[in-house]
Amino acid sequence: MLHKYVAFVCLLVAFLGFSKAEAQTFQGMDSQPKSKAKTAPKKRVSSKGKAAPTPSVQDTAQAPTSRPEVAETPLPATPPPATPSPKTPPLKTPPPKASAVEGVKEPSGKGAKGGKGVDTSLLQVAINQFKAEDYEKASLTAFEIVRNPQMLPVATEAQYILAKALYRLGLYHSSLSQFSEILAKGPSTPYFKSALEWLFFIGRKTVNETVILDEIARYSNVEFPERFRSEFRYLLARYHFLRGKALDDIKETAEANGSFEEVVRLSLAVPEGDPYYARAKYLEGLAYYREGKLTQATEALKEVIRKTRMAQSSVDPSNRSFFTLRELAFMQLARIHYGLEQSRSAIFYYSKIERGREQWLNSLFESSWASYRIGRYEQALGNLITLSSPFFREEYFPEAFILRAVIYFENCRYQEALSIVDEFEAIYGPVQEKLAQMVSSNMSAGEYYQALDEIQKMNLKRQGSNTTNEILARVLNLALTDTDLRKTLEAIAELEKEVDAFSNYADTFKYSELVKALIESIKGQRERLMNKAGIMAKGKLELELLELRTLSSNALRIRVDTVEKEKIYLEQQLAEGGALDVIRKYQYSVAVPDDYLYWPYTGEYWRDELGTYRYTLTKGCINKPLTPAAEASDDS
């Protein structure tokens, strides 16, 4: 699912700290606790009860006598070779002061000799207006020079003033278009290197840093100033990473290999101690992971964690990009160990994700599979209880149904397993049909984007329900959590905001020919980004449709194997004259560690208890040991 493997991504809520953790234990459907129990006279953190889950399980020492194939099928395999998008927002750099930026390269002004017969007085007017911080007039004057054929010898100098003036007005995309035109004239053009440096300033102002990645990649052979060299290498590495990922998507493996080799080369060129070092290491780790070099990938990701830990105390808590990078490194390390069937190591790294942060729910879900692998059924089902709570009704975890059904199947709770499969098919069957209709429709990329935008904005009457439209909206929102797609949509919104911003200026500026030309340029950029977003969104939904079909296939296998098992037991009962029992009661305990408190379920969810639930099966396969073993298998 997108939520499992694209998360290398994703920014959010502050962690809610508590002095004591709580452990929730849930009895099976068929048993109720006789009384409340405390395992230790600890300070009571919350007297409220826990919410009721659906069926449950306890740690078991071994699988049923005849282990069905289905037990293996739903397990998520090693994270897919499709490399995840790095979710590393640009560094928050304070806006450069006039002296810091304009000092890069000032127009020649008074000494400008544009050629024989060229009057530079108008250029000098533009320069004076710029220095007086009258950026509206400076841009209008510079534009007048740029479009005058007779002023061609000084047109580049005037366009440089125009680009800087637009930047000062906060019209960053309009400014970028002017600098791009200067760069397109080639390295021999005056102000070429200065325009390159301005790309970095604009990149720090725009929502979507990929706006400048293409420009930077286009001039990758140009020598950048020392102070921008590390940032340039990191951005160029990101460009090659995204390019390699796109090539992988269309099965151009040979070219993709070259791009990922560039990612490693450029990342290694960022020196230790540089502000971009940890980010570059993260890209390096992802590139090694894609190449199957897991040892190198692990070391690179551990280096990210070391560097972010060392700097943690000096980082502003509001700097979400720093903490996001750290948790993404933990998530990727967990996935590497999960793929190597080292479940306990995977659980260790998943547990490093702080409660309430962006990757927290993903870490709970993925660690549930790791817990299942080693027989920690209480932990697995407890995590799923958190995911199904009303607090997260907008989240999308259809695979949770499959995991629950498998756990019940392995404990001979066949009726409960079938009921979970029925629920999955009732909810996600119609969603799968609608997704299929959407992705098979003969629409252009722009039309597809518009259709998705309409779905996103639907004012649904039953918010938080499990109607088909509601879940379809969740699928869409899930697709939009992809870093690259989300940033593309944010860039579209940013362009629209810039168009609206023209109305805030004086009439002489907002009704000028310059603004008309800038608006037309922005509309062209917006249309290109909309087409790109439509293609990306369609690709994400196609992937989601494929995953839903896979889950439906797994659900069908669970149903078939469950019916077959029931048939076998019925035949055995007939042969034994009806005296053969299929299940028996488990022995279980409500004991918890010393630093936890036990509170039985009373039918409520409380926010401070999320993530601490334990769910106990009270009965299961008759051939399982009397005391279920929590550690059923060891990591390899």
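The values are calculated or read from the model by the stated rules, or taken from the named source; none is laboratory data. In this text, all values refer to a predicted model and were calculated from it rather than measured experimentally. Note that each Cβ is placed from the backbone with ideal geometry, even for glycine, and that neighbours are counted across all protein chains shown. Note: areas computed on protein heavy atoms with side chains; ligands, DNA, RNA excluded. Shrake-Rupley method; radii C 1.70, N 1.55, O 1.52, S 1.80 Å.
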* Asked: Can you give the accessible area per residue of segment 246-366, in Å², using a 1.4 Å probe?
  -> 42
* Asked: Residue separation times 0.36 nm, minus the C-alpha to C-alpha distance between residue 568 and residue 254: what's the value?
  -> 107.9 nm
* Listed residues 248, 500, 482, 595 arranged by accessible area, highest first, probe 1.4 Å -> 500, 595, 248, 482
* To do: Would you pull out the residues with amide H under 5 Å of residue 614's amide H, same chain only if 5 or more places away, H placed 1.01 Å from N?
  => 24, 25, 26
* **Under the Karplus curve 6.51 cos²θ - 1.76 cosθ + 1.60, θ = phi - 60°, whole-Hz ³J(HN,Hα) for segment 567-573, x wherever Gly or Pro sits** => 4, 4, 5, 5, 5, 5, 5
* Roughly speaking, what % of Cα-Cα pairs in segment 187-247 are separated by over 14 Å, rounded to a whole number? -> 56
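Residue separation times 0.36 nm, minus the C-alpha to C-alpha distance between residue 148 and residue 392: what's the value?
Details: separation 244, 0.36 × 244 = 87.84 nm, distance 5.98 nm.
The residue 148-residue 392 span can extend by a further 81.9 nm.
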* Asked: Short version: ³J(HN,Hα) in whole Hz for each residue of segment 266-275, in order, from phi by Karplus 6.51 cos²θ - 1.76 cosθ + 1.60 (θ = phi - 60°), x for Gly and Pro, what are they?
  -> 5, 5, 5, 7, 7, x, 4, x, 6, x
* To do: Between beta-carbons, use under 12 Å as the cut-off and find the net charge around residue 214, counting Lys and Arg +1, Asp and Glu -1.
  => +3
* To do: Provide, in order from the shortest bin, the percent of all Cα-Cα pairs of segment 138-242 in each 5 Å bin, continuing until the bin that contains the maximum pair distance.
  => 2, 13, 24, 22, 19, 11, 6, 3, 0
* Read phi for every residue in segment 228-244 and hand back ³J(HN,Hα) as whole Hz from Karplus 6.51 cos²θ - 1.76 cosθ + 1.60, θ = phi - 60°, with x for Gly and Pro. => 10, 5, 5, 4, 4, 5, 5, 5, 5, 4, 4, 4, 5, 5, 5, 5, x
* **Segment residue 607-residue 504, extension gain: residue separation times 0.36 nm, minus the distance between their alpha carbons** => 32.7 nm
* Asked: Just for the Cα atoms in segment 485-541, what are the lengths along the principal axes, largest first, rounded to whole Å?
  -> 46, 16, 9
* Asked: How much of the accessible area of segment 257-306, probe 1.4 Å, is carbon plus sulfur, in whole percent?
  -> 48
* Asked: What's the carbon and sulfur percent of segment 167-240's accessible surface, probe 1.4 angstrom, rounded to a whole number?
  -> 45
* Structure fact -> Of every hundred units of 1.4 Å-probe accessible area on segment 518-609, the number belonging to carbon and sulfur atoms, as a percent, is 54
* Asked: Computed FRET efficiency, Cβ-Cβ of residue 519 and residue 131, R0 30 Å: what is it to the nearest 0.05?
  -> 0.65
* To do: Using the heavy atoms of the protein chains and a 1.4 angstrom probe, tell me the accessible area per residue for segment 502-570 in square angstrom.
  => 54
* **Approximate spin-label separation residue 454-residue 214, in nm, with each point projected 7 Å along Cα-to-Cβ** => 2.8
